[in-house]
Each structure stands twice: as structure tokens, then as C-alpha cells.
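Bear in mind that the values in this text are calculations on the coordinates, not laboratory data. A quick note: this is a predicted structure, and the numbers were derived from the prediction, not measured. Here the Cβ is made from the backbone with ideal geometry for all residues, glycine too, and neighbour counts use every protein chain on show.
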Amino acid sequence: MSIERVRSGSPWQESIGSARAVAAGDLVLVAGTLPPAAGAAAVGDPYEQARSALTEAVAALEPFGIGAASVIRTRMYISHARDAEEVGRAHQELFADIRPVTTVVVVAGFTDSRVLVQVELEAYRGAAP
């Protein structure tokens, strides 16, 4: 089985020694994804932060030749339980027809206090056309 790693140049990837996404055979994993610029454009808006983080995470699949239709699992970490509905709405808009296995977890917080949501994806590229 071959393993491919993609880096995005994020300072976090260098400082902790990680990749943006990794493909192990047909399984592709996307690292935790924050809203762009740590949610600064959508401070206090869980829906917008989730929408932008999910879009960024799906974009990380592109180097492997797949997109949202190949996603089989999503994980959404939120800092406030009250945001679950809005984060879920953003997820539903992107994945309603795909229906990946999904988990929502409330966490104590993120390294940037403006962030309300972080997402991870798993995809299967053997299903790509």
C-alpha cells in the first residue's frame, strides 16, 4: 500500500510535524481544519465558520483527485453545544446527498479563541469515478 502526504505550508504543520492530508491506499484523511484566517471573517458565527472550514477541508482532497462525494466520515469539534444546530446546518448543506458518518464533539476550546468549530474528513478514493 502506498502512502501519500500533502502539506499546505501551514506553520502548524512545520512546528508539530504533520501533514494537511494523507492517503493510505484508497483512504484519505484530512487533518483538523479551522475556518480560514482562524474564523476572523466570521467571528461569533458558527454557521459561517463551519461552512468555510468544511469547504477548506474538502479542498484538501483535490490533490488526490476526489471531492465531497468521496467523503465517508466527518467530525466536527465545537466549543459550545449551543452551536450544534448551526454547524449541523452547514454540514447538511454540503453533505445532504452524500450522508457520511458524522460525529459532533463539544470541546473546551481551540488554540485561537475566535474559533468556534474545527472539522476533520475521511474519504475513500476507490469510489471516485
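Here are several values of Cα extents along the principal axes in Å: [x] 54, 30, 28; [y] 37, 32, 28; [z] 41, 37, 22. Which one was derived from the coordinates shown?
[z]
Mind jotting down the distance between the C-alpha centroids of segment 91-105 and segment 1-76, whole Å?
15 Å
Angle between the Cα long axis of helix 46-59 and the longest principal axis of the chain, 0 to 90 degrees, nearest 10?
Once rounded, the angle reads 10 degrees.
Against the longest alpha carbon principal axis of the chain, how many degrees, from 0 to 90 and to the nearest 10, is the axis of helix 84-95 turned?
Relative to the chain, helix 84-95 is tipped by roughly 30 degrees.
Percent antiparallel among DSSP beta bridges with both residues in the chain, to the nearest 5?
Close to 75 percent.
Ignoring everything except DSSP H segments at least 4 long, calculate the 222 nm mean residue ellipticity for the chain; use -39,500 (n - 2.57) per segment, divide by total residues, nearest 500.
-7500 deg cm²/dmol
Using +1 at the C-beta of Lys and Arg and -1 at the C-beta of Asp and Glu, which of Ile78, Leu29, Ala50 has the Cα lying farthest in the positive direction of the dipole of the chain?
Looking along the dipole axis, the top candidate is Leu29.
If Lys and Arg each add +1 and Asp and Glu each add -1, what is the summed charge of the other residues whose beta carbon sits under 9 Å from the beta carbon of Val22?
That works out to +1.
Just subtract the alpha-carbon distance of Arg73 and Ala24 from 0.36 nm times their residue separation and send over the number in nm, one decimal.
Going from the current span to full extension adds 16.1 nm.
Could you line up Met76, Met1 from fewest to most neighbouring Cβ atoms inside 10 Å?
The most exposed by this proxy come first: Met1, Met76.
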